[in-house]
Amino acid sequence: MKRESILFYMAAGKIYLYLLNSKKEYKFKTDTSLFFECGEISNVARCRDAITKIMTKMHFGIYYLKPNFTVLYNDVCWGDTKFLYRTVLDVIGFNEIKFVPLSKLISKIRDDENLVVSDGDYYTLPKRGEKMKSLKSIEFEPIIIGKKDDKHVHYADIDIIYGTFKSCFTKGSNYDMIDVGDDEC
């Protein structure tokens, strides 16, 4: 039995999982507002409950050894996001966990100083290391990823970030963006 490798990404309203060895993809629409705020885990207990329910739906159980996780996370953060992901995913019992910072992945889509990631009710400015609640607060002409916007240049595909993340591991070996260190945000 081969140890499964799982790509994991959480966004506002969705949790994405891709099992690399099994080549199975799961996209779960869920109310993340109870435990996920501004791209960060805000309530560990509720997030663990949501992950447990998802794993039950996937029938993820005794047939799998402790999996290896690669987590795409928003590295423009206010807390120790890596620790929170480790704590939440510990309910599954992982073998190892690696992290891919959003700011590195975004440059694979478009490397631009004015890039803004929209996820629900907030905006991340990865090149500037800031988060905003409103586009009105931004003092430059943004290029928006993840939201349709008729006033600005945008990538309307809300799954473009996840799709880029997945393609780095399924269509090539762009492992250079993995951050395996234990450094804090």
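The values are calculated or read from the model by the stated rules, or taken from the named source; none is laboratory data. All values derive from a computational prediction rather than experimental measurement. Because the Cβ atoms are built from the backbone with ideal geometry, glycine has one as well, and the counts that use them run over all protein chains shown. The accessibility values were calculated without ligands, DNA or RNA, using every heavy atom of the protein model including side chains. Shrake-Rupley method; radii C 1.70, N 1.55, O 1.52, S 1.80 Å.
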Item to check | Residue-span extension gain [Asn21 to Arg110] - 0.36 nm each, minus C-alpha spacing | outcome: 29.2 nm
Checklist outcome for this item: Partner aspartates and glutamates whose C-alpha sits under 15 Å from that of Lys14, ignoring same-chain residues fewer than 8 away, are Glu25, Asp31, Glu37, Glu40, Asp49, Asp119, Asp121, Asp157, Asp159
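Whole number please: convex hull volume per residue of the Cα set in the range 105-151, in Å³? It would help to have the intermediate numbers written out before the result.
Working: hull volume 3.6 nm³, N = 47.
Output value, Cα hull per residue: 78 Å³.
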Checklist entry - Structure shown: which of Lys23/Lys108; Lys66/Lys104; Lys57/Lys147; Lys27/Lys171; Lys82/Lys131 lie over 21 Å apart, alpha-carbon to alpha-carbon? => result Lys23/Lys108; Lys66/Lys104; Lys57/Lys147
Item to check | Span from the the range 1-57 Cα centroid across to the the range 81-110 one, whole angstrom | outcome: 11
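To one decimal place, what Kirkwood hydrodynamic radius in Å is obtained for the chain from all pairs of distinct Cα atoms?
Working: mean 1/r = 0.0590 Å⁻¹.
For the chain, inverting the mean 1/r across all distinct Cα pairs yields 16.9 Å.
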Item to check | FRET efficiency estimate (nearest 0.05) - Cβ-Cβ, Trp78 to Ile160, R0 30 angstrom | outcome: 0.75
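At 1.4 Å probe size, with the rest of the protein present, what percent of the exposed accessible area of the chain is carbon and sulfur atoms? Don't jump to the answer; show the numbers that get you there.
Values: 4520 of 9620 Å².
The C+S portion of the solvent-accessible surface of the chain is 47 percent.
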Checklist entry - Tilt of helix 160-170 relative to the longest C-alpha principal axis of the chain, in degrees (0 to 90, nearest 10)? => result 40
